[in-house]
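So the structure is just underneath, and the comments pick up after that.
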Amino acid sequence: MKILTCPLNGPRPVSEFFYWGEVRPMPNPNLASDDEWADYVFNRNGAPGVKKEWWCHTPSNTWFIAERDTEKDVVLKTYFHQGEE
Amino acid sequence: MPWRLLRFALNKKHPEPRMFTFHEKLKPSYDVVIIGAGGHGLSAAYYLAKEHGITNVCVLEKGYIGGGNTGRNTTIIRSNYLTPEGVKFYDESVKLWQDLSTDFDLNLFYANRGHFTLAHTDSALRTMRWRAEVNKHYGVNSEVVGPEAVKEAAPMIDLSCAGHAPILGALYHAPGSVARHDAVAWGYGRGADQRGVEIHQQTEVLGIDVQAGKVKGVKTSRGYISTGKVLCAVAGSTPRILKMVDVKTPLYIHPLQAMVSEPIKPWLDPILVSGSLHVYISQSARGELVMGASLDPYELHGTRSTLDFVEGLSTHMLEMFPFLSGVKVMRQWAGMADMTPDFAPIMGKTPVEGFYLDSGWGTWGFKATPVCGKTMAHTLVNDTPHPLITGFSMDRFRNYALTGEKGAASVGH
């Protein structure tokens with residue numbers, strides 16, 4: 001993958017982007033137990049598959065979501081985050 | 001061809017002598033099943049057989065022996081780490097390395113070269129002093145040296161690094177070495193094989209049979225095996241296996257790329273590393289420059305190579321060694337590195353009884369091959385972690401007690 005499509009700026013070289021990992025719901029810090037919180041802080045879904053990920057187009061500081069197959073390195077779609085996750 | 005000779009060739013009683021025994025079938029059960037016939041898995045099999053007398057062991061490999069990260073690293077061996085846990089652990093490994101060729105009766109091309117970690121900033125130099133003091137405290141030979149020592153060891157270097165990253169000093173680690181990585185897997189594999197361990201290549205693990213929190217067996221592409229103990233030593237494929245036993249870890253996979261140049265006359269004896277320029281380089285016995293940089297910037301479960309990597313690494317190489325501008329890059333490749341948040345491995349027992357993990361070896365696994373096998377064999381036999389690996393247990397995350405190994409390779413810090 002060399003080109004990633006930013007929802008604001010269109011197709012741009014991947015070197016202009018910053019990867020920030022999978023989109024993961026945060027448990028309520030006031031209600032979560034220590035184990036649940038540690039699970040959220042450290043544990044990751046490391047297995048391959050189609051994942052929703054945070055990416056940022058750094059020159060324009062545009063954060064968005066990409067759905068990407070992490071085994072084939074193919075981006076299926078990119079879009080802005082909608083509402084609460 | 002004379003008929004007699006052909007008959008001889010076709011007769012199974014007179015097989016061609018091979019490095020490894022070929023086993024037609026899997027046995028229905030083994031005492032221990034090891035997933036992954038890389039350096040770590042074979043080393044564990046070797047020490048299980050040699051030091052603990054456990055030989056009813058099966059090593060399963062999806063591809064071929066040493067075809068994963070064992071054959072994809074840049075072969076550097078050192079112990080100048082930052083944390084006491086790391087220093088003690090890797091130092092034990094370096095000591096094992098030194099006798100390995102004799103142990104195997106196989107030439108590993110183990111070459112003691114000396115290892116410089118270059119400092120281009122005051123803060124980097126401060127970290128070098130810190131590392132040197134920790135190392136000396138544990139009896140590991142490391143010292144901070146000035147730029148003139150770097151120039152003496154590698155006269156072709158541009159100490160100013162094209163004027164924008166002048167070398168202020170370095171951490172010098174005399175025991176730093178290189179070895180032929182394939183031979184390490186072959187040596188451990190042959191040693192285990194001769195003692196009765198079965199190595200099954202082209203055999204994929206499809207599932208792990210866990211009943212009431214205990215390992216009962218392994219489903220493979222060539223049938224079911226029952227066993228009470230499974231060791232998972234599969235580097236970049238670890239999350240796939242963990243999914244089968246439903247164990248969560250912080251492991252994430254990023255590719256690590258490397259490349260070699262065409263062979264040239266020997267001119268570089270030591271191993272050089274620059275964290276700021278993201279370069280590590282050594283010259284192999286064949287004259288090739290073996291070069292690596294840093295992790296790829298995003299998760300990927302594949303081993304594709306990129307032009308970006310070659311361009312970036314070559315730029316920094318030329319800043320250090322401008323005379324290399326006419327030298328061609330011959331090959332490039334990648335491996336899948338299983339990274340952890342604190343750059344220390346995850347080793348030992350897991351919440352599933354009988355399922356042991358040797359993982360989180362990210363960009364620093366090759367040098368640990370002997371000590372991993374030895375400590376994991378001990379852990380499997382006694383069902384309690386070896387004293388050298390207690391700092392690497394997976395519980396440390398739940399307890400917020402991370403190890404913080406910042407001496408690791410190819411990571412920005």
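For the range B:271-318, a tally of residues being among the aliphatic types (A, V, I, L, M), over 24 Å from B:ALA124 (Cα atoms) and within 14 Å of chain A (Cβ to nearest Cβ) returns 3. Scanning the range B:335-360 for residues that are of a type in the set (Ser, Thr, Tyr), crowded, with 24+ Cβ neighbours inside 10 Å and outside any strand (DSSP E or B) turns up just one, B:THR340. For the range A:8-40: of the residues being in a loop (DSSP other than H, G, I, E, B) and out of contact with any helix residue (DSSP H, G or I) (no Cβ under 8 Å at 6 or more places or on another chain), which is nearest to the other protein chains (Cβ to nearest Cβ)? Filtering first and then ranking leaves A:SER33. Within the range B:26-46, the set of residues being in contact with a His (Cβ under 9 Å, 6 or more places away or on another chain) and more than 21 Å from B:GLY360 (Cα to Cα) comprises just one member, B:LEU26. Restricting attention to the range B:377-385, does a residue exist that is part of a strand (DSSP E or B) and surrounded by fewer than 23 Cβ atoms within 10 Å (Cβ to Cβ)? Within the range B:377-385, none of the residues are part of a strand (DSSP E or B) and surrounded by fewer than 23 Cβ atoms within 10 Å (Cβ to Cβ). Residue count for the range A:41-85, restricted to those that are within 13 Å of chain B (Cβ to nearest Cβ), touching a residue at least 40 places away in the same chain (Cβ under 8 Å) and hydrophobic (A, V, I, L, M, F, W, C): 4. Taken residue by residue, the range B:325-334 has no member that is of a type in the set (A, V, I, L, M, F, W, C), surrounded by fewer than 21 Cβ atoms within 10 Å (Cβ to Cβ) and assigned to a helix (DSSP H, G or I).
Residues that are over 20 Å from the mean Cα position of the chain (by Cα) and more than 11 Å from chain A (Cβ to nearest Cβ) within the range B:386-404 comprise just one, B:PRO387. Scanning the range B:261-276 for residues that are part of a loop (DSSP other than H, G, I, E, B) and of a type in the set (Gly, Ala, Ser) yields B:GLY275, B:SER276.
Quick note: the coordinates plus some simple rules give every number you see, no bench work behind them. Computed from a prediction, not measured in an experiment: that's the story for all the values here. Positions of Cβ are backbone-derived with ideal geometry, glycine not excepted, and every protein chain shown enters the neighbour counts.
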